[in-house]
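What follows is one structure encoded as structure tokens, with my remarks underneath.
Every read-out reported here was derived from the displayed coordinates using simple, explicitly stated rules and does not represent laboratory data. Predicted, not measured: the structure shown is a model, and the values here were computed from it. Methodologically, a virtual Cβ is constructed for each residue, glycine included, from the backbone with ideal geometry; neighbour enumeration extends over all protein chains shown.
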Amino acid sequence: MSAVAMETTGETIAPGLIQIDTGYLRAAHTAAYLVIEDGHAAIIDTGVGHSVPRILSCLAGNGIDRGAVDWVIPSHVHLDHAGGAGGLMAALPNARLGVHPSGEPHMVDPTRLESGVRALYGDAFFDREYAPLTPVPPTRITALDDGETVVLGGRRLQVIHTPGHAWHQLSLFDEASSVLIAGDAFGASYPGYGEGDRPFLVPVVPPPQFDPDAYRATLARIRTLQPRRVAPAHFPIIDAPLAAADRLQAMLEAAVEWSADAQTPDELQQWLVEGWAQWLPADCEQRAFERDFDLDLWLTAEGLWHWRRKQQRQAAR
Ligand SMILES: [Zn+2]
């Protein structure tokens, strides 16, 4: 599919399920999903504020009126997934914002979210990639509990809370296609790192809410659910979720172990680069991996470091 076509219609991955490239950072880095059924639509994940025109153009490209969008559902409130929520809601008169209950206050008042993200990424990055954050009126928000079902036309999307990457993470299981729209609950990858049933996924675990036990429980739950495919926010579709879950878990366990011995976050990041390279597909170089997964490796080293220090502080009490 050509780049132009990608921008106007997205990539159909199942009937009524479309992957949209939000354009965040670079092509094929962060996706949003559009579900269409009986003239109704839902948008899962929003990208950043700059992604809003792309998503609206994808709606138009699929013949969907803005008034026909019933739901906007960020998988969690990290800004590459929810940064565009306020802008989208302003453009979609009939949409409700569905969000994890712990994420809801941050959508109404993004001030704390903004200061946390500025502290982590720095002001220059925030101003370039994320500013400004638009609040969503509380009357337009619905908190989505675990086990709820969002019904779109006749199509059922099961809400599954999938903590580990963040507490406020949820995923949606599309019963019609047996695709789990996972957000960041099931790793991240990019085109060129293995394809089809063997994508190279990295368990990205940023600060401050990474929780390895919750991450393991989420992987176990996804295994039990047995989706036919997984559609992560970053980026290739996963055709063999069970094998992918095994590799994600092995990589996570290794990283948790390394985090006990590393002396600095930088050292831990280097160990992730070198250690995770054993899972790289044969035709992928470690140096390219280090470059293309740069932000993920840094975030994960910080997330593991932050979690490990918290464990040590609690043990010392
Ligand atoms: Zn995230």
Exercise. In segment 27-85, how many residues are part of a loop (DSSP other than H, G, I, E, B), farther than 24 Å from Glu175 by Cβ, within 16 Å of the ligand (Cβ to nearest atom) and touching a residue at least 40 places away in the same chain (Cβ under 8 Å)?
Worked result: 7
Exercise. Since Thr149 meets every condition but one in (1) more than 22 Å from Gly47 (Cα to Cα); (2) within 16 Å of the ligand (Cβ to nearest atom); (3) touching a strand residue (DSSP E or B) at 6+ places or on another chain (Cβ under 9 Å), which condition does it not meet?
Worked result: (2)
Problem set entry | Verdict on Asp296 being on the phi < 0 side of the Ramachandran plot, in a helix (DSSP H, G or I) and exposed (fewer than 14 other Cβ atoms within 10 Å of the Cβ) | no
For this session: Within segment 158-184, count every residue that is within 17 Å of Ala240 (Cβ to Cβ) and assigned to a loop (DSSP other than H, G, I, E, B).
Result: 2
Exercise. Any idea which of (1) surrounded by fewer than 23 Cβ atoms within 10 Å (Cβ to Cβ); (2) of a type in the set (Asp, Glu); (3) under 17 Å from the mean Cα position of the chain (by Cα) is the one Glu37 doesn't satisfy?
Worked result: (3)
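Take Ala131 and decide whether it is of a type in the set (Gly, Ala, Ser) and in contact (Cβ under 8 Å) with a residue 24 or more places away in the chain. Can you show your working first?
On the way: of a type in the set (Gly, Ala, Ser): yes; in contact (Cβ under 8 Å) with a residue 24 or more places away in the chain: yes.
It is true that Ala131 is of a type in the set (Gly, Ala, Ser) and in contact (Cβ under 8 Å) with a residue 24 or more places away in the chain.
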Exercise. Pairs under 9 Å by beta carbon, first residue without any contact (Cβ under 8 Å) to a residue 12 or more places away in the chain in segment 293-311, partner surrounded by fewer than 23 Cβ atoms within 10 Å (Cβ to Cβ), six or more apart or different chains?
Worked result: Lys310/Pro208
Exercise. For segment 190-214, which residues satisfy the criterion of being out of contact with any Pro (no Cβ under 6 Å at 6 or more places or on another chain), surrounded by fewer than 23 Cβ atoms within 10 Å (Cβ to Cβ) and outside any loop (DSSP other than H, G, I, E, B)?
Worked result: Pro212, Asp213
